Amino acid sequence: MRENLRSMSSQNMALPDCMKPTDLSAENRGIKRKNWRNRIRFLWTNSSKSILHPKKNKSYRPSVDDVNQWAQSLDKLLGHKYGKAAFHIFLKSEFCEENIEFWTACENFKSLTSQKALTSKANSIYEEFIKSEAPKEINLDFNTRNAIEQCLCAPTATSFQAAQKKVYSLMENNSYPRFIHSDLYKELCAVASGNSKLIKC
């Protein structure tokens, strides 16, 4: 029985990073679309409240050029505040937001300087994303997971580098192309150009 469970667990680890649209019923796909529409409306509405420029009395929203650049590369997308937020919304609609959340946690981790802060954050990332049955467990191979476990007592800024690269590659090759061809991205383009029926600019 235990061997069967291990076999099933191994098979699950080989699954893609997100659920495919065909994995969901038409009703659930409708719910997903409604959810991301609500989140995009919230994101875009709040972006008009000078989030990036609090000292300036004028609104900021991603321009057509901004949104078009998001389609050039995952780096461009993640390098833009609202691009990253939109991608997170998309991943949430596909039930794999743990990937972008882990990647972001790793970026924050690399900026830490004190050993105490590194150790605390490393253990926090491990508990949330790495360990078996973690609340937001990411898809990692045994060797990468084991290497992280070995350095938790004395982590360095590069402790999660291999895992972060694997997750980035997973997003770049799977989630990112789906995002660029998604209804959500098309809606973002429409909003930026002022042609959206969802949000009045």
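The values are calculated or read from the model by the stated rules, or taken from the named source; none is laboratory data. Keep in mind the model is a prediction, meaning the values are calculated, not measured. So basically every Cβ, Gly included, is an ideal-geometry build from the backbone, and we count neighbours across all protein chains shown. Side chains are part of the model used for accessible areas, which takes the heavy atoms of the whole protein and leaves out ligands, DNA and RNA. Shrake-Rupley method; radii C 1.70, N 1.55, O 1.52, S 1.80 Å.
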Exercise. Among all residue pairs at least 6 apart or on different chains, which show Cβ distances below 6 Å where the first residue, located in the stretch 61-72, is assigned to a loop (DSSP other than H, G, I, E, B) and open to solvent by 40 Å² or more (accessible area, probe 1.4 Å) and the second is β-branched (Val, Ile, Thr) and at pLDDT 90 or above?
Worked result: Ala71/Ile180
Problem set entry | Pair list, Cβ < 7 Å and 6+ apart or interchain, from the stretch 93-115 residues that are of a type in the set (A, V, I, L, M, F, W, C) to residues that are open to solvent by 30 Å² or more (accessible area, probe 1.4 Å) | Phe95/Met19; Ile100/His88; Trp103/Tyr168; Phe109/Lys121; Leu112/Lys121
Seminar exercise, completed: For the stretch 86-104 the number of residues that are more than 15 Å from Ser182 (Cα to Cα), of a type outside the set (Asp, Glu) and surrounded by 18 or more Cβ atoms within 10 Å (Cβ to Cβ) is 5
Problem set entry | Complete set of residues in the stretch 192-201 that are open to solvent by less than 20 Å² (accessible area, probe 1.4 Å) and at pLDDT 85 or above | none
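Looking only at the stretch 168-201, filter to residues that are outside any loop (DSSP other than H, G, I, E, B) and touching an Asp or Glu at 6+ places or on another chain (Cβ under 8 Å); which one of those is nearest to Pro62 (Cα to Cα)?
Ala192
Working only within the stretch 146-165, note down all residues that are surrounded by fewer than 17 Cβ atoms within 10 Å (Cβ to Cβ), assigned to a helix (DSSP H, G or I) and not hydrophobic (A, V, I, L, M, F, W, C).
First pass over the stretch 146-165, keeping only residues surrounded by fewer than 17 Cβ atoms within 10 Å (Cβ to Cβ): 146-147, 149-154, 156-158, 161-162, 165.
Filter once more, so that each one left must be assigned to a helix (DSSP H, G or I): 146-147, 149-150, 161-162, 165.
Answer for the stretch 146-165, where residues must be surrounded by fewer than 17 Cβ atoms within 10 Å (Cβ to Cβ), assigned to a helix (DSSP H, G or I) and not hydrophobic (A, V, I, L, M, F, W, C): Asn146, Glu149, Gln150, Gln161, Lys165.
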Exercise. For Tyr126, are the conditions met, namely being among the hydroxyl-bearing types (Ser, Thr, Tyr) and modelled with pLDDT of 95 or more?
Worked result: yes
Exercise. Looking at Ala117, Ala122, which is the one that is loosely packed, with under 14 Cβ neighbours inside 10 Å and not charged (D, E, K, R)?
Worked result: Ala117
